[in-house]
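Here is the structure we will look at, set down as structure tokens.
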Amino acid sequence: MTENKQLGKQSIKFAHPPFIRGAASVVGIKESQGPYGKYFDEVEQDPMAGGDSWEDAEGKLQERAAELAIKKAECKTEDMRYVVAGDLLGQLMASSFGLMKLERPLFGVYGACSTMGESLAIASMITEGGFANNVLAITSSHFGSAEKQFRFPLGYANQRNKSATWTVTGSGAVVVSAASDIKTESGPGYSIPNKVLEEKNKVHVVGITTGKIVDYGIKDSMNMGACMAPAAADAIVQHFIDFGHNPGQYDKIITGDLGLVGKDILIDIIRAKGYDISENYMDCGIEIYGDEQNVQSGGSGCGCSAVMLTGYILKMLESMEWKRVLFVPTGALLSQVSFNEGNSVPGIAHAVLLERR
């Protein structure tokens, strides 16, 4: 009989946790000038990344992050059975064009700025389910392409609200590998690299809590932290309930890009539900830029949590500085059409439980 891995209402606890074999981060100049600049693998000096458009540039960031993550995992491109990728652009343009050269089977996913959590969760389910040995999970964002699509063209030079966030230019990629006791041994795309890394010294994906769409009726697209905070709170609290955990059992609880406004809302909502995360909480959007960088409420975009995961968070886990982290990328589910038609901005968040073993 197949072991039941479902836990509580919204979670999965893996019987054979997959592990992160390799990870890579590629960022823009502004991101490299922030407090975590030294942790990122590569800095793209050209905002256009040698491309012809902002969208082209973002695709090239993904292409480079994918290549670097596969290389660091000591794998070959053909070892990736699947790619799970997404971005903020219409029809997932950055992923579609940026990863075309890989010629690997692709699942295109969209969770707004929560996409790194979604792609990592799906990649983990695929590998732990025995459907692949290695899966690449990747996402990206670019300040120029996001401003063009969701806000104002750069040439407009509009003033930014204090609650607004600055879209991160960057891409993060991870290679998720199945535990050795469920790996398959043959077949196209199923090959195992000759040099197998020690799983016991790697970061494992122990479980996931898939978030729900939560809508508090907020219509301010310049205050996405307020839009996303309720969804993040819902996912985090449900994770505690499903796993029977409390906040003190985590070294860090890390959201994606709530920013300064969303942070306070999140802590207040969770406290009202009986949990206090204030002592070990951090937000990638608040952390990625320095106070002097004039980014208002902080950073945002799919690339925000992705590069912080692959650049900083995994390194802290690998070094044993942290042993258990709840990684919760957050997303605001709006489009040009939904906003122009007067709709509110629902939020979503996905929680991924990471442990160094």
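The figures follow:
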{"quantity": "Karplus (6.51, -1.76, 1.60) ³J(HN,Hα), θ = phi - 60°, over the stretch 142-149, in Hz, Gly and Pro reported as x", "calculated": "8, 4, x, 6, 5, 4, 4, 8"}
{"quantity": "Estimated vicinal HN-Hα couplings, Hz - the stretch 275-287 in sequence order (Karplus 6.51, -1.76, 1.60; Gly, Pro = x)", "calculated": "10, 10, 9, 4, 6, 10, 9, 8, 10, 4, x, 6, 7"}
{"quantity": "Inverse mean reciprocal Cα-Cα distance (Kirkwood Rh) of the stretch 210-357, Å", "calculated": "15.4 Å"}
{"quantity": "Members of K101/K252; K76/K212; K72/K252; K30/K219 lying beyond 32 Å, as alpha-carbon distances in this model show", "calculated": "K101/K252; K76/K212"}
{"quantity": "In sequence order, calculated HN-Hα J values of the stretch 103-109 (Karplus, 6.51, -1.76, 1.60; Hz; x Gly/Pro)", "calculated": "6, 10, x, 10, 9, x, 10"}
{"quantity": "Interchain or long-range residues, amide H under 5 Å from L106's placed H", "calculated": "V83"}
{"quantity": "Amide proton proximity set for W322, modelled H, under 5 Å, gap of 5+", "calculated": "L317"}
{"quantity": "GNM flexibility winner over the chain from P105, P47, P230 (Cα, springs under 10 Å)", "calculated": "P105"}
{"quantity": "I288 long-range amide H proximity, modeled H, under 5 Å", "calculated": "G299"}
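Every number here is computed from the coordinates shown, using simple stated rules; none is lab data. Owing to the predicted nature of the structure, the values given are computational and were not obtained by experimental measurement.
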